[in-house]
Structures are given as C-alpha cells and as structure tokens.
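Chemist: Following this message is one structure expressed as structure tokens.
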Amino acid sequence: MEVIRTTLEACGIDPRRFAIEWSSSAEAPRFAHLVTKFTEEIRKLGPNPLKQTKQAVGA
C-alpha cells in the first residue's frame, strides 16, 4: 500500500484518495460504513486535480 501511496503522491494525487479495507460478505453494515466514510473523505478533498488539469488542456 505504501508504494501505491508514494506513486500517487508523485503523480500529484492526494494519497488519501486511496484506501484498502477488508470486509466479508457477511459484514454488510461494516461494508456500508466503510464506503460511506471513504465517500465523505473524498468529497471533503474535492474534485480530482488531475481531472481538472485534463479538462483545461482539452483532453
């Protein structure tokens, strides 16, 4: 995971946009909590800056 975080940071992506959590199929409430928590974190970070850069360039 640390290699992925370092790579994302080197590419200009906030490493908080990456997470790995484990949940079994029997843990529906836990899964829902994890997804909700991660979604809230991403919303706080705002739009992906690389996506904005691509749109500005016209890609």
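A quick yes/no check of all residues on (1) surrounded by 11 or more Cβ atoms within 10 Å (Cβ to Cβ); (2) assigned to a helix (DSSP H, G or I); (3) modelled with pLDDT under 95:
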| site | (1), (2), (3) |
| --- | --- |
| ILE13 | yes, no, yes |
| ALA26 | no, no, no |
| PRO29 | no, yes, no |
| THR36 | no, yes, no |
| GLU41 | yes, yes, no |
| LYS44 | no, yes, no |
| PRO47 | no, no, yes |
| GLN55 | no, yes, yes |
| ALA59 | no, no, yes |
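Chemist: Cβ-Cβ distance below 9 Å, separation of 6 or more or different chains: which pairs start in the range 13-28 with a residue that is within 20 Å of GLU2 (Cα to Cα) and end on one that is in a loop (DSSP other than H, G, I, E, B) and of a type outside the set (D, E, K, R)?
Modeler: Once the first residue is within 20 Å of GLU2 (Cα to Cα) and sits in the range 13-28, its partners that are in a loop (DSSP other than H, G, I, E, B) and of a type outside the set (D, E, K, R) give ILE13/ASN48; ASP14/ASN48; ARG17/ASN48; PHE18/MET1; ALA19/MET1; ILE20/MET1.
The values are calculated or read from the model by the stated rules, or taken from the named source; none is laboratory data. Because the structure is a prediction, the values reported are computed rather than measured. Glycine also receives a Cβ, built like all others from the backbone with ideal geometry; neighbour counts cover every protein chain displayed.
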